[in-house]
Amino acid sequence: MSIPDGPGERLAALGDELIEIHTWLREELAGLRADVERQLDGRGERPRRLKAHCLSFCSALTRHHTGEDGGAFPALAGSFPELAPTIAKLEEDHELISVVQHDLERLLEGMAAEPDAAEVARVLSALDGLTAILESHFAFEERRIVTALNALSAEAGTAESLLGLPAPNGA
């Protein structure tokens with residue numbers, strides 16, 4: 001990879017940064033699931049800490065999807081009108097993910113100070129559902145828009161302004 005030195009060039013391509021953000025979100029979700037499994041086995045964090053971890057993940061996911069909806073998707077639609085059906089599908093996914101996410105948050109908010117195995121199993125099931133939807137969504141998004149994101153110039157914006165989060169490596 002050559003070092004960008006002209007106007008409109010960026011150090012890291014947006015599509016590559018999108019993949020980094022998705023990788024980080026996948027890792028965070030896997031860590032959260034492991035925390036819930038430990039809770040189910042009786043070796044986990046206190047429920048309050050588990051709730052905080054989950055709500056932190058959900059907040060990052062919401063920032064990412066809100067950033068895409070308000071930043072990357074309009075930029076892509078302006079530069080690549082042929083992506084309109086793909087963008088519409090991704091926006092529908094975001095709405096579905098938001099519903100699943102809110103259901104998980106409600107489960108966590110209602111979690112007892114000392115949750116029983118059934119309560120923790122419901123949270124684990126909700127996480128599994130969220131994981132399945134996110135994996136499908138991330139894979140589709142990566143297949144369909146990474147190349148177009150990589151083609152956007154630096155004037156389109158930063159990873160944070162277009163994707164809702166900075167790339168985890170600080171690029």
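Okay, here's what the table says:
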| read-out | value |
| --- | --- |
| Stretchable slack from Glu109 to Asp41, in nm (0.36 nm times residue separation minus alpha-carbon distance) | 22.4 nm |
| Karplus 3J(HN,Hα) series, Hz, for segment 50-67 with 6.51 cos²θ - 1.76 cosθ + 1.60 (x for Gly, Pro) | 4, 4, 4, 4, 5, 5, 5, 4, 4, 5, 5, 5, 5, 4, 5, 5, 5, x |
| Gain on full stretching of the segment that runs from Glu155 to Glu91 - 0.36 nm per residue minus C-alpha separation | 20.7 nm |
| Ranked Val99, Val123, Val146, criterion: other C-beta atoms within 10 Å, fewest first | Val99, Val146, Val123 |
| Normalised alpha carbon radius of gyration of the chain [divisor 2.2 N^0.38 Å] | 1.15 |
| Computed [θ] at 222 nm, helices only, for the chain once each DSSP H run of length n ≥ 4 contributes -39500 (n - 2.57) | -24500 deg cm²/dmol |
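Just so you know, all these numbers are worked out from the coordinates, no wet-lab data involved. In this text the structure is predicted, and so the values were computed from the model without any measurement. All Cβ positions, even for glycine, are placed from backbone atoms using ideal geometry, and neighbour counts span all protein chains on display.
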